[in-house]
């Protein structure tokens, strides 16, 4: 499990945007072609995802990458 604050912040932001759009974690996982339990790991900041997966999550949420990546 990572302790990197940036990865945790990304996961938190994914969760916030997902909830604001009224999408379940399971539905987001399906839309992004990610295993549901892996999506939970991402949202909890437990996994360092690839850039490709970040873009797939962005596409599934219909947001730009800068809306998910905290500076």
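Before moving on, here are some points about what is shown:
- For the stretch 1-27, filtered to residues that are closer than 19 Å to residue 66 by Cα and not in a helix (DSSP H, G or I), the residue that is nearest to the chain's Cα centre (by Cα) is 21.
- Residue 30 meets all of the listed conditions (1) buried (at least 17 other Cβ atoms within 10 Å of the Cβ); (2) without any contact (Cβ under 8 Å) to a residue 24 or more places away in the chain; (3) part of a helix (DSSP H, G or I) but one, namely (1).
- Looking only at residues of the stretch 42-71 that are without any contact (Cβ under 8 Å) to a residue 24 or more places away in the chain and in a helix (DSSP H, G or I), we find that the one that is surrounded by the most Cβ atoms within 10 Å (Cβ to Cβ) is 58.
Where a number appears in this text, it was derived from the coordinates with a stated rule and is not lab data. The shown structure was predicted, so the numbers you read here are calculated from the model rather than taken from an experiment. Neighbour counts are summed over all protein chains in view; Cβ atoms, including those assigned to glycine, are modelled from backbone coordinates with ideal geometry.
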